[in-house]
1. Kindly indicate the residue of region 10-44 that is modelled with pLDDT of 90 or more, within 24 Å of LYS70 (Cα to Cα) and among the charged types (D, E, K, R) and also surrounded by the most Cβ atoms within 10 Å (Cβ to Cβ) among those meeting that condition.
2. Please find, among VAL58, VAL88, VAL117, VAL108, the residue that is among the hydrophobic types (A, V, I, L, M, F, W, C) and touching a Gly at 6+ places or on another chain (Cβ under 9 Å).
3. Quick check: is even one residue across region 19-31 under 18 Å from the mean Cα position of the chain (by Cα), without any contact (Cβ under 8 Å) to a residue 12 or more places away in the chain and assigned to a loop (DSSP other than H, G, I, E, B)?
4. Specify which of the listed residues (LYS100, LYS91) is loosely packed, with under 13 Cβ neighbours inside 10 Å, assigned to a loop (DSSP other than H, G, I, E, B) and either among the basic types (Lys, Arg) or in contact with a strand residue (DSSP E or B) (Cβ under 7 Å, 6 or more places away or on another chain) (or both).
5. Residue check, THR36 against (1) farther than 22 Å from THR105 by Cα; (2) touching a residue at least 60 places away in the same chain (Cβ under 8 Å), all met but one. Which one?
6. Out of (1) modelled with pLDDT of 85 or more; (2) buried (at least 17 other Cβ atoms within 10 Å of the Cβ), the odd one out for LEU86 is which?
7. In contact with a helix residue (DSSP H, G or I) (Cβ under 9 Å, 6 or more places away or on another chain) and free of Cβ contacts under 8 Å to residues at least 60 places away in the same chain: does that describe ARG2?
Amino acid sequence: MRKNATGAHSRCTDLEATGIIRRIAGKFPDNQIAATLNRLGFRTGSGNTWTGGRIRSVRSYHTLPAWDAKIASRQTLTLEQASEQLGVSHKVVRRLIGSKKIPATQVVPWAPWEICVDSIKQEEVLRSGEHQAAATQQAHCDRCGTSYVCGTLSGFRTLKEKQLPSTRNS
């Protein structure tokens, strides 16, 4: 039986996972990095799922930068931050990214989106966001013809139940 080389052991973190951490470190908080690695199915060298503390340990070992909220928030936005600034849901922002109206990047699939702060201030994006917000605010029920405004869904259900004929057998 061969012995391991000096310093080598079976509990090494996958090089691909370490590479992803290198590319994301400093851009996002440790918990978001851990969630990304878990979504991608990576495990630590010991076979555990990733946590913020385990990411912090890898960053420390490889002397990678920590996330700084002051610096990161000035340069790029996440999908959630962009949706808050535009006043629309995150689904609308995803649609705008998909239609290439908002340029955005991901380091790897399932990683948080990086959106340039200036790109959401463009007039075309603002108009698209307003149009999408107006379209999602009003919905229509095809069965009973009742319309509702977003945020009053519970009231809509009770109104719908009152308007529809009873389907129960009495």
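The values are calculated or read from the model by the stated rules, or taken from the named source; none is laboratory data. Everything numeric here is computed off the predicted structure, so don't read it as measured data. Reconstructed Cβ throughout: ideal geometry from the backbone, glycine too, with neighbour counts over all protein chains shown.
1. Across region 10-44, the extreme among qualifying residues is ASP30.
2. None of the other options fit; the residue is VAL88.
3. Checking region 19-31: not a single residue is under 18 Å from the mean Cα position of the chain (by Cα), without any contact (Cβ under 8 Å) to a residue 12 or more places away in the chain and assigned to a loop (DSSP other than H, G, I, E, B).
4. Working: LYS91 fails: assigned to a loop (DSSP other than H, G, I, E, B).
Within the list LYS100, LYS91, the selection yields LYS100.
5. If we test THR36 against (1) farther than 22 Å from THR105 by Cα; (2) touching a residue at least 60 places away in the same chain (Cβ under 8 Å), just (1) comes out false.
6. In the conditions (1) modelled with pLDDT of 85 or more; (2) buried (at least 17 other Cβ atoms within 10 Å of the Cβ), LEU86 misses (1) alone.
7. It is false that ARG2 is in contact with a helix residue (DSSP H, G or I) (Cβ under 9 Å, 6 or more places away or on another chain) and free of Cβ contacts under 8 Å to residues at least 60 places away in the same chain.
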